[in-house]
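Trainee: The structure's right below; bear with me while I get my questions together.
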Amino acid sequence: MSDVIEKELSDSGVLTIRMNRPDVLNSLNSDIVFAMIDALNEAASDDAVRAIVLTGNGRGFCAGADLAGGNWPSEEGMSPGDITANSMEIGFNPLVRAVVDSPKPVVTAINGIAAGGGVGLALSGDLVLAAESAKFRLVFAPQLGIIPDVGASWLVPNLVGRARANGLALLGDNLDAATALEWGMVWEVHPDDQLLAKAQEYAERMAQSSITGIKATVRAHDKAMLQSLHDQLEFEKEEQRHYTNQPVFFEGVKAFIEKRKPNFREIEAEMAKSANDKQVRKP
């Protein structure tokens, strides 16, 4: 299973995960999905990892679910619908959650095509970059008679609005990287040969920052899409109550006053250790 992804950890704490099924455009079967979930979960508890880059080897980022050989567990008598729902419960949905719930910032670097479920995976990153050759394609409805999944039915309309989301999903046309940038689906577009280096550069910048604050900010932005301004103001108040009581904030203020760079890495590692110790001590 391990050869379906490649992992590399830099000295600065950036873990690069490459999907490695280039012959099928990194389509998602059970092996690659479980391997990525394991890698992301391991990274979540590894103090050496400060940020993550997720990309694909070969000509494409991810062509979505492997319809020819998903190898998902099944029992006698299960219908295709049962097998699909089970694959979502044990594989695809936990994969999206492993990305969005990771305590480490995740940069997705979209090289080439992202189709079907690959669109949801691509857009689940905290920071989304695309190569000039990247294309996004939602093929669920027009070609398969099903709905977008792997988070795409939530991510796409929230990023680009209902009209554009419907256009993409109902017609199934390719969306090029330049238009994706114009519509707000991605943060930046880069030449293909510079994409990975730029993604790793941004990941390294975040690795040197407070990853606590970065992930809290992403959660606040996601929360804002689900509630009113008044509710969001209350949410901000309670979040600030929590985070201004944390060692990370104390270090940031102290470093500002002392005119030096804050040392978040050691402090956040200690915070993670303390949180884990509390979990272990729970009855």
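The values are calculated or read from the model by the stated rules, or taken from the named source; none is laboratory data. Note that the coordinates shown come from a computational prediction; the quantities given were computed from them, not determined experimentally. All Cβ positions, glycine included, derive from the backbone under ideal geometry; neighbour counts span all protein chains shown.
Trainee: So which residues in the range 31-48 are more than 24 Å from residue 115 (Cβ to Cβ) and crowded, with 22+ Cβ neighbours inside 10 Å, if there are any at all?
Mentor: 43
Trainee: Check every one of the helices (runs of 4 or more DSSP H) wholly within the range 102-177 and list those with 1 or more residues that are more than 23 Å from residue 201 (Cβ to Cβ), of a type in the set (Gly, Ala, Ser) and under 17 Å from the mean Cα position of the chain (by Cα). Give the derivation first.
Mentor: Numbers: elements: 117-123, 152-160, 162-171.
In the range 102-177, the matching helices (runs of 4 or more DSSP H) lie at 117-123, 152-160.
Trainee: Can you pull out every residue in the range 81-93 that is surrounded by fewer than 18 Cβ atoms within 10 Å (Cβ to Cβ) and closer than 12 Å to residue 121 by Cβ?
Mentor: Result: 93, single match.
Trainee: Same structure, new question: Kindly provide the set of residues from the range 97-145 that are in contact with a Pro (Cβ under 6 Å, 6 or more places away or on another chain), closer than 22 Å to residue 172 by Cα and of a type in the set (D, E, K, R), ordered by number.
Mentor: Our first condition is that a residue be in contact with a Pro (Cβ under 6 Å, 6 or more places away or on another chain); within the range 97-145, this holds for 126, 132, 138, 140.
Restricting the remaining residues to those that are closer than 22 Å to residue 172 by Cα gives 132, 138, 140.
Across the range 97-145, the qualifying residue is only 132.
Trainee: Residue under question is residue 28, and the condition is that it be assigned by TED's automatic domain parsing to the domain that holds residue 157, surrounded by 17 or more Cβ atoms within 10 Å (Cβ to Cβ), of a type in the set (A, V, I, L, M) and closer than 25 Å to residue 191 by Cβ; does it hold?
Mentor: In short, no.
Trainee: If you don't mind, there's one more thing I want to ask. Look at residue 125 and say whether it is under 16 Å from residue 61 (Cβ atoms) and either among the acidic types (Asp, Glu) or touching a Gly at 6+ places or on another chain (Cβ under 8 Å) (or both). Don't jump to the end; show me each part of the working.
Mentor: Working: under 16 Å from residue 61 (Cβ atoms): yes; either among the acidic types (Asp, Glu) or touching a Gly at 6+ places or on another chain (Cβ under 8 Å) (or both): no.
For residue 125, the condition - under 16 Å from residue 61 (Cβ atoms) and either among the acidic types (Asp, Glu) or touching a Gly at 6+ places or on another chain (Cβ under 8 Å) (or both) - is not met.
Trainee: Can you find a residue that is in contact with a strand residue (DSSP E or B) (Cβ under 8 Å, 6 or more places away or on another chain), within 11 Å of residue 104 (Cβ to Cβ) and in contact (Cβ under 8 Å) with a residue 60 or more places away in the chain anywhere in the range 28-36?
Mentor: no
Trainee: Looking only at helices (runs of 4 or more DSSP H) that lie completely in the range 191-268, which have at least 1 residues being without any contact (Cβ under 8 Å) to a residue 24 or more places away in the chain and within 22 Å of the chain's Cα centre (by Cα)? Show your work before the answer.
Mentor: Numbers: elements: 195-207, 211-224, 229-243, 247-257.
Fully inside the range 191-268 and qualifying: 195-207, 211-224.
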